[in-house]
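What follows is calculated from the coordinates using simple rules that are stated; it is not laboratory data. Every value quoted in this text rests on a predicted model; they were computed, and no experiment measured them. So basically every Cβ, Gly included, is an ideal-geometry build from the backbone, and we count neighbours across all protein chains shown.
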Amino acid sequence: MSVLSYLIPISLILGGVGLLFFIYTVKSDQYDDPDGNAQRILNGDWDDHPKP
């Protein structure tokens, strides 16, 4: 039972660090790709018909 007194705070700290890192990446616009969709629609590599 004493192991839980160590594991619970460690897991909460690691979860908080992960959440802060995620919030940082969202605020620094790392997930925005406005030109990517425009380029992918013109790319012929991903056709609906596979090559034989």
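Details
- Per-pair calculated FRET efficiency, R0 = 30 Å: VAL17 and ALA38 via Cβ, rounded to 0.05: 0.25
- In order along the range 17-30, phi translates into HN-Hα couplings of 5, x, 5, 5, 5, 5, 4, 4, 5, 5, 5, 8, 6, 7 Hz, rounded to whole numbers, per the Karplus curve 6.51 cos²θ - 1.76 cosθ + 1.60 with θ = phi - 60° and x for Gly and Pro.
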